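Single-structure report; data block below.
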Amino acid sequence: MKLWRDNWERVIPFLAFAPEIRYVLYTTNTIESINYQLRKITKNRGHFPNDDALMKLLYLGVRNLSGRRPGNRGNNADHWIAALNAFEIYYPGRIHLD
């Protein structure tokens, strides 16, 4: 209880977000999985001739991410779409999906 009381001021702002945003914030396994896959893609490459080459590789890697792992129930895209919509309401003009 002491831990909760001592950190309550840090928890309250989190609770003010919409449930869609809170879901993607506290389910970091999805984020960690994406980071792992992207590190795996770039790990064996020595260097990149420019930033565009790296961005292209990462873009193609994100496009190919899917629920291939056994026991995975998908990529939770629905949760991210709802969260992005909620972020656009909270922070208009900051989300650019081009």
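The values are calculated or read from the model by the stated rules, or taken from the named source; none is laboratory data. Since we're looking at a predicted model, the values are computed, not measured. Positions of Cβ are generated from backbone atoms using ideal geometry, with glycine treated the same way; all protein chains shown enter the neighbour counts.
Consider residue 81 carefully, then state whether it is modelled with pLDDT of 75 or more, surrounded by 12 or more Cβ atoms within 10 Å (Cβ to Cβ), within 13 Å of the chain's Cα centre (by Cα) and within 30 Å of residue 15 (Cα to Cα). Talk me through it step by step, then tell me what you get.
Numbers: modelled with pLDDT of 75 or more: yes; surrounded by 12 or more Cβ atoms within 10 Å (Cβ to Cβ): no; within 13 Å of the chain's Cα centre (by Cα): yes; within 30 Å of residue 15 (Cα to Cα): yes.
When the stated conditions are applied, residue 81 does not pass them.
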Q) Which of the following residues is at pLDDT below 75 and either out of contact with any His (no Cβ under 9 Å at 6 or more places or on another chain) or among the charged types (D, E, K, R) (or both): 65, 54? A) 65
Q. Which members of the range 1-52 meet the condition of being surrounded by 10 or more Cβ atoms within 10 Å (Cβ to Cβ), in a loop (DSSP other than H, G, I, E, B) and among the aliphatic types (A, V, I, L, M)?
A. 18
Q.
I'd like the residue in the range 1-54 that is aliphatic (A, V, I, L, M) and touching a Gly at 6+ places or on another chain (Cβ under 7 Å) and, out of all such residues, is nearest to residue 84 (Cα to Cα).
A. 38
